[in-house]
Amino acid sequence: MTSDRIRGVMVPILTPFTPDEKVDFGSLSRLVDYLLDNGVHGIWAAGTTGEFSALEDEQRLAAIEAVVDRVAGRAPIIANVSATSTEAAVKMGLALKGIAVDGIAATPPYYFPCAQDELLAHFRYIKDRVGLPLWIYNIPVTVKTSVDPATTAQLAEEGTVAGIKDSSGTGELHAQLVMLCEQRGIDLYRFLGSTFRVSTASAVGAHGVIPNIANLVPAITSASWEAGEAGDIEKAREFDAKLVVALKVQKLAKGGGPNAAVLSGVKSALVALGVIDHDHVSRPLRPLTDDEKSHIPAILKELGLSASVGVS
């Protein structure tokens, strides 16, 4: 059965890099502490925000292990093992056996689009080979293939998957999955990769959210979730307004792609807060220019954040 232990704000933790594009483990440890000290409820490790696709397997595994070591049981951790093939995802999953994660997550294989019958085989094979609780990571914008609600429900009903992170941005598909689970008595963790539904996610049948902006404003994000859970609409609106302010850092870039803008904006703001040492993003993603970064202090001031990190 799904439990309250895996619920609320799970942060898709970013991966701080050194200038030579290696994992900055010191910064990663400080980021873990910053997130947990500010009330988040879990960690989603080596996901899209963690730039996993840019990491060599050794670095990716080392980053996950470093997160697990630093969390030290304080919160649940789901580790992303997504890869370009089923066998590659299995290899990553097997490497995590013996490491204290609460589950692993996998997208459909990316590069070649897949059909739903292939996805059924994909997730079943990973679960059979690895054995750890398995989550579907549904993010069609990056992998070309969407996992249909009926496919998710079938895999959950048979016990193959324990949860889903739905980053499709399609509310109707989430609603369909919720209905299928309720009608058929299916037990499944349902999380949304959304910032704008933090305070309302539980009201639409989700157990939590996995928003990238929580890397920067973990206390505000957690407070928004908790206000929504308590039914405190006024408080929820207050914290949701702060989330909108925080999102300004993701819109500072005047060039580059949208993913680079999100990652570089959050990393640069975390450098300004003193949480991480470098704002390097994986090539060829474009970092912020000095002129673009110059707007960050005003945004942090509006949020009530400083190098002492917290919420005003």
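A few points about this structure:
A quick yes/no check of all residues on (1) of a type in the set (Gly, Ala, Ser); (2) surrounded by 21 or more Cβ atoms within 10 Å (Cβ to Cβ); (3) part of a loop (DSSP other than H, G, I, E, B); (4) at positive phi:
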{"site": "Val244", "(1), (2), (3), (4)": "no, no, no, no"}
{"site": "Leu247", "(1), (2), (3), (4)": "no, no, no, no"}
{"site": "Val262", "(1), (2), (3), (4)": "no, yes, no, no"}
{"site": "Gly265", "(1), (2), (3), (4)": "yes, yes, no, no"}
{"site": "Ser268", "(1), (2), (3), (4)": "yes, yes, no, no"}
{"site": "Val281", "(1), (2), (3), (4)": "no, yes, yes, no"}
{"site": "Leu285", "(1), (2), (3), (4)": "no, no, yes, no"}
{"site": "Ser306", "(1), (2), (3), (4)": "yes, no, yes, no"}
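- Reported count of residues in region 48-71, each being within 24 Å of Ile220 (Cα to Cα) and out of contact with any helix residue (DSSP H, G or I) (no Cβ under 9 Å at 6 or more places or on another chain), is 1.
- Checked against the criteria, His295 counts as surrounded by fewer than 20 Cβ atoms within 10 Å (Cβ to Cβ), farther than 23 Å from Asp24 by Cα and in contact (Cβ under 8 Å) with a residue 24 or more places away in the chain.
- Any hit, region 193-200, residues being touching a residue at least 40 places away in the same chain (Cβ under 8 Å) and over 25 Å from Val249 (Cβ atoms): no
- Subset tally (residues that are surrounded by 15 or more Cβ atoms within 10 Å (Cβ to Cβ), of a type outside the set (A, V, I, L, M) and over 18 Å from the mean Cα position of the chain (by Cα)) for region 168-193: 2
- Exactly one residue out of Phe239, Phe196 is on the phi < 0 side of the Ramachandran plot and crowded, with 22+ Cβ neighbours inside 10 Å, and it is Phe239.
- Failed item, numbered, when Pro19 is tested on (1) assigned to a loop (DSSP other than H, G, I, E, B); (2) surrounded by fewer than 18 Cβ atoms within 10 Å (Cβ to Cβ); (3) modelled with pLDDT of 95 or more: (3)
- Residues that are of a type in the set (S, T, N, Q) and surrounded by fewer than 22 Cβ atoms within 10 Å (Cβ to Cβ) were ranked within region 115-150; the one that is nearest to the chain's Cα centre (by Cα) is Thr142.
- Checked against the criterion of being of a type in the set (A, V, I, L, M, F, W, C), in contact with a Pro (Cβ under 7 Å, 6 or more places away or on another chain) and assigned to a helix (DSSP H, G or I), the candidates Leu61, Leu36, Leu31 yield just one match: Leu31.
- Contact annotation: residue pairs with Cβ atoms under 6 Å, 6 or more positions apart or on different chains, pairing a residue in region 100-128 that is under 16 Å from Val141 (Cβ atoms) with a partner that is surrounded by fewer than 16 Cβ atoms within 10 Å (Cβ to Cβ), are Pro109/Thr84; Pro109/Ser85; Tyr110/Thr84; Tyr111/Thr84; Pro113/Lys144.
- Residue in region 209-230 that is at positive phi and assigned to a loop (DSSP other than H, G, I, E, B) present: no
- Filtered residues of region 39-52 (kept if part of a loop (DSSP other than H, G, I, E, B), out of contact with any Phe, Trp or Tyr (no Cβ under 6 Å at 6 or more places or on another chain) and within 26 Å of Asp4 (Cα to Cα)): Gly39, Val40, His41, Gly47, Thr48, Thr49, Gly50
- In region 164-208, the residues that are among the charged types (D, E, K, R), part of a loop (DSSP other than H, G, I, E, B) and within 23 Å of Ile233 (Cα to Cα): Arg197
- Members of region 230-243 found to be within 20 Å of the chain's Cα centre (by Cα) and either more than 19 Å from Lys301 (Cβ to Cβ) or aliphatic (A, V, I, L, M) (or both), listed by number: Asp240, Leu243
- The residues in region 141-159 that are assigned to a helix (DSSP H, G or I) and modelled with pLDDT under 95 can be counted, and the count is 3.
- Pairs, first at pLDDT below 95 and surrounded by fewer than 22 Cβ atoms within 10 Å (Cβ to Cβ) in region 74-92, second assigned to a loop (DSSP other than H, G, I, E, B) and of a type outside the set (Asp, Glu), C-beta under 8 Å, six or more apart: none
- Residue match in region 204-221 (condition: surrounded by fewer than 18 Cβ atoms within 10 Å (Cβ to Cβ), more than 23 Å from Val23 (Cβ to Cβ) and touching a strand residue (DSSP E or B) at 6+ places or on another chain (Cβ under 7 Å)): yes
The values are calculated or read from the model by the stated rules, or taken from the named source; none is laboratory data. Quick caveat, the model's predicted, so the values are computed rather than measured. Note that we place each Cβ from the backbone using ideal geometry, even for glycine, and neighbour counts take in every protein chain shown.
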